[in-house]
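Peer 1: Quick one: structure below, then a few questions.
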Amino acid sequence: MKNYLLLYFLYLFVSLFCVACSEPLNNPYTPELVQQKALLTAFTNRPKHFDPALAYDADSTLIIGQIYDSPLEYNYIKRPLELKANTLTDLPKIQYFDSNGNEIKTNIDNAKIAESVYTFSLKKGLYFQPHPCFSKDENGDYKYIKKNNENLVENRYSINDFDYKNEDSREVIADDFILAIKRLANPKNPSPILTIMQERIDGLKEFAELLKKENTAKNNANSNDDINAELDYRKYNISGVTKIDNYTWQIKIKGKYPQFLYWQTMPFFAAIPYEAIMFYSQPKMAKHNLTLDWFPVGSGAFMITENNPNKRIVLSKNPHYHKKQDTFPCDEENNFYHMYNLSDSEKAKLHQYCGKTLPLLDKIIFTREKESIPYWNRFLQGYYDASGIASDNFDSAVQISINGDVSVSKNLQNKNISLNTISRDITYYLGFNMLDKTVGGYSEKQQALRHAVGIALNTEEYIEIFLNGRGLVAQSPISPNLFGYDENDYNTFIYDVKTKQRNSIEIAKKLLIKAGYPNGRHYKTHEPLILYLDTTSSGIGDKSRLDWITKQLAKIDIQLVVRATDFNRLLEKLDKGSAQMFYLGWSADYPDAENFLFLFDSKNSIVQFGGDNRTNYNSPKFEEYYYALRDMNNTPQRLELIKKAKYQLQKDLPITFMFHPTDYILRHSWLQNYFPNGIMHNTYKFYDINPQERFAAQKAWN
């Protein structure tokens, strides 16, 4: 009886305590925050970099894409994607010159183009976000940039510890964009795109070599300097990058490179103030984590005001961004309305935003969710404004009609939750290290081994089991939305073209015999064929996916050893070429087939040059087609070259093409203008929130 009484009083205490609570225990926000124009969202993987010279992963660019303002952007409501000026007055002016320096104006022949000159014209009146690095005293001297002041950061461990006002800023000028290019070449900032850009931007390679020597000399002469201090870039110039005036600069490109305009939409080329470099280069700054990689300084629509990557990251509206007079685009042609099958009421809502000043949000709250179940539950409670759909929740969230039409379930309809489907420009693949003695190489035997693995990995089955059918089987690296993709272009080494079916396990076993491994054993030593897969494994469902891959290869008598690790450790193995096989994906930086095919350029090898060719593939035949097509506009001739390049990849198979995902994204009715596309980096400024509707829903549902 005493135990029952104890339990009763414990129950009564907990009940009274919960009644006294004004909010549910799993509500991550205060009532005041929920009622602001703040986007409530989540992230699962910790961002790796906030320095635009370094950031290249999706988790990082998702955030800094809102902070840094690039020269160009994509029209938010145009499909297919269309470039437009962002910080510029118009698209850059492009001039072509032959080897004698004569301008080519008519009948442009790519073979005759020795140099392309891009002229950038900057809008006037653009300002950086407020930051201590801009603060000056009554004499006009910087208050917080004092290189010899060792006590500058004593007792100051965050940007908020410095005194500064909102007016502490300055206008963006051409030098800030030139500085961004210079920083790509500094070995202290090992930029992942340096290999690509120094091949294109005239003088960048020589500039990188100069900075390497200067850094070495500086470190030898000043051993007491902070190891993370950067050079004063104003002392050095790139021969192919010229400042014309405060609002105009030119970049000289070797040959013709149409994709260079796409790169101008990315944070790599966004404005960076030299004051920020000087500020963070002072002694003891890095020791207290005061770096550009932790507290970025940009001119974009938002600025970082809280950075705790293990818990929460907060972006707030840049108070100076309104001076840019950035406005919501208008869809006069109704093309966008048609592509998204918007209802009349949705069209009317979107049309009302035409010409409105951006950004529409005041804040963006990123909360870290390591597990999918609490993420999903909080979305249903209204604590997150949008959510993807994990496989475990698919059947309860989505209903599919006999005709194949997809809609949300009745339970979600009752909450006014709607569904967005997005075919993203991503290719997931299983990669082979072509330098590896077992899975690499280019002989018919070595090709046969990779083809056998490709057949055994039944991607159709994988898509049904783990993606609920949300994806397309990849026949090449090129994703479905791009020029050069053909749904009927089957990999003839993996598929029977007549039946359009994957080849049988029996054929895969015959290929394994051809490779020298009958019944999965070496034909001479009879030792079993053991392959090693390096991959990240941190989320729910990863183990079952890896188990599935192991079972597929076991069908052809290959023993697979999975070596799970974190992403940074995986990158280290790829850098050194010590990974035998690996599972990754590539998301397009820009809407062009070249952005997928460049992953197989030997000059982009990760082991030799630190590039993005993680397989270290080296095929003169492939590169013959690749170098011919990469600088061309989309023509029938280019399409033919793309087909030949794809065939060579299908034959050599440096990667087993897995699938292109289709994202199913749910959003609450209070989230407006939500049309993510996977390539744009600065989409959050277009989103809008009805906080009153959200607050009322949270109260009703919880």
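Peer 1: To the nearest 20 Debye, how big is the dipole of the chain about its Cα centre, given +1 on the beta carbon of each Lys and Arg and -1 on that of each Asp and Glu?
Peer 2: It works out to roughly 1100 debye.
Peer 1: Still on this structure, please answer the following. May I ask you to give the percent of accessible area on the chain that is carbon plus sulfur, with a probe radius of 1.4 Å?
Peer 2: 49
Peer 1: Here's a follow-up. Would you work out the charge dipole size for the stretch 449-541 about its Cα centre, treating the Cβ of every Lys and Arg as +1 and the Cβ of every Asp and Glu as -1, and quote it to the nearest 20 debye?
Peer 2: That gives the stretch 449-541 a dipole magnitude of about 440 debye.
Peer 1: In the chain, with Lys and Arg counted as +1 and Asp and Glu as -1 at Cβ, which of these residues, HIS526, VAL562, GLN36, has the Cα nearest the positive end of the dipole, that is, farthest along it?
Peer 2: Farthest towards the positive pole: HIS526.
Peer 1: Here's something else I'd like to know. Compute the relative contact order of the chain as a whole-number percentage, counting only Cα pairs closer than 8 Å that sit 6 or more residues apart in sequence.
Peer 2: Rounded, it is 18 percent for the chain.
Peer 1: A further question on this structure: Nearest 0.05, what FRET efficiency do GLN413 and ASP163 give at R0 = 60 Å with Cβ-Cβ as r?
Peer 2: 0.70
Peer 1: Let me ask something else. Quick one: net charge of ASN604's neighbours, Cβ under 14 Å, K/R +1, D/E -1?
Peer 2: -3
Peer 1: Same structure, new question: So, in Å, what gap is there between the alpha-carbon centers of the stretch 463-533 and the stretch 347-409?
Peer 2: Spelled out, the Cα-based centre of one part sits 35 Å from the other.
Peer 1: Continuing with this model, one more query. Please give the net charge around SER99, taking every other residue with its beta carbon less than 15 angstrom from that of SER99, where Lys and Arg add +1 and Asp and Glu add -1.
Peer 2: -1
Peer 1: Okay, next question. Report, for the chain, the % of DSSP beta bridges that are antiparallel, rounded to 5.
Peer 2: 80
Peer 1: Accessible area per residue, 1.4 Å probe, Å², for the stretch 578-702: what's the number?
Peer 2: 31
Peer 1: Cβ under 12 Å from MET434's Cβ, MET434 left aside: what net charge do those residues give with Lys, Arg +1 and Asp, Glu -1?
Peer 2: +1
Peer 1: Keeping all protein chains in the complex and leaving out DNA, RNA and ligands, what accessible area do you get for TYR274 with a 1.4 Å probe, in Å² to the nearest 10?
Peer 2: Per-residue accessible area (TYR274): approximately 70 Å².
Peer 1: While we're looking at this one, here's another question. Can you tell me the dipole magnitude for the stretch 414-455 around its Cα centre, using point charges on the Cβ only (Lys, Arg +1; Asp, Glu -1), in Debye to the nearest 20?
Peer 2: Charge dipole, the stretch 414-455, about its Cα centre: 140 debye, nearest 20.
Peer 1: Can you compute the helix-only [θ] at 222 nm over the chain? Use -39500 (n - 2.57) per DSSP H run of at least 4 residues, normalise by all residues, nearest 500 deg cm²/dmol.
Peer 2: So the calculated ellipticity at 222 nm is -8500 deg cm²/dmol.
Peer 1: Give the cross-link partners of LYS213 among the lysines, using a straight C-alpha distance below 19 Å as the criterion and excluding same-chain residues fewer than 8 apart.
Peer 2: List returned: LYS182, LYS188, LYS205, LYS235.
Peer 1: Can you work out ³J(HN,Hα) from phi for every residue in the stretch 417-432, in order, using Karplus 6.51 cos²θ - 1.76 cosθ + 1.60 and θ = phi - 60°, giving whole Hz and x for Gly and Pro?
Peer 2: 8, 10, 10, 10, 10, 10, 8, 8, 7, 10, 10, 9, 8, 9, x, 10
Peer 1: Setting aside same-chain residues fewer than 8 positions from LYS543, which lysines have a Cα under 30 Å from its Cα?
Peer 2: Here the lysines satisfying the reach criterion relative to LYS543 are LYS48, LYS311, LYS370, LYS437, LYS509, LYS510, LYS551, LYS555, LYS573, LYS576.
Peer 1: Just name one of TYR384, SER135, LEU553: the one whose Cα is farthest towards the positive end of the charge dipole of the chain (beta-carbon charges, Lys/Arg +1, Asp/Glu -1).
Peer 2: Sorting the options by dipole projection puts first LEU553.
Peer 1: Excluding same-chain residues fewer than 8 positions from LYS112, which lysines have a Cα within less than 22 Å of its Cα?
Peer 2: LYS93, LYS252, LYS254, LYS256
Peer 1: Multiply the residue separation of SER345 and LYS213 by 0.36 nm, subtract the distance between their alpha-carbon atoms, and state the gained length in nm to one decimal.
Peer 2: 41.3 nm
Peer 1: Tell me the per residue accessible area of the stretch 421-577 using a 1.4 Å probe; a whole number in Å² is fine.
Peer 2: 49
Peer 1: Give the calculated FRET efficiency between THR242 and LYS37 to the nearest 0.05, with a Förster radius of 41 Å applied to their Cβ-Cβ distance.
Peer 2: That gives a FRET efficiency of 0.45.
Peer 1: Consider the candidate values [x] -0.59, -0.94; [y] -0.71, -1.11; [z] -0.74, -1.00; state which one is log10 I(q)/I(0) by the Debye sum over Cα atoms at q = 0.08, 0.10 Å⁻¹ computed from the structure displayed.
Peer 2: [y]
The values are calculated or read from the model by the stated rules, or taken from the named source; none is laboratory data. Being a predicted model, the structure only gives us computed values, none of them experimental. Note: ideal-geometry Cβ built from the backbone for every residue, glycine included; neighbour counts use all protein chains shown. We work out accessible area using only protein heavy atoms, side chains counted, and drop any ligands, DNA or RNA first. Shrake-Rupley method; radii C 1.70, N 1.55, O 1.52, S 1.80 Å.
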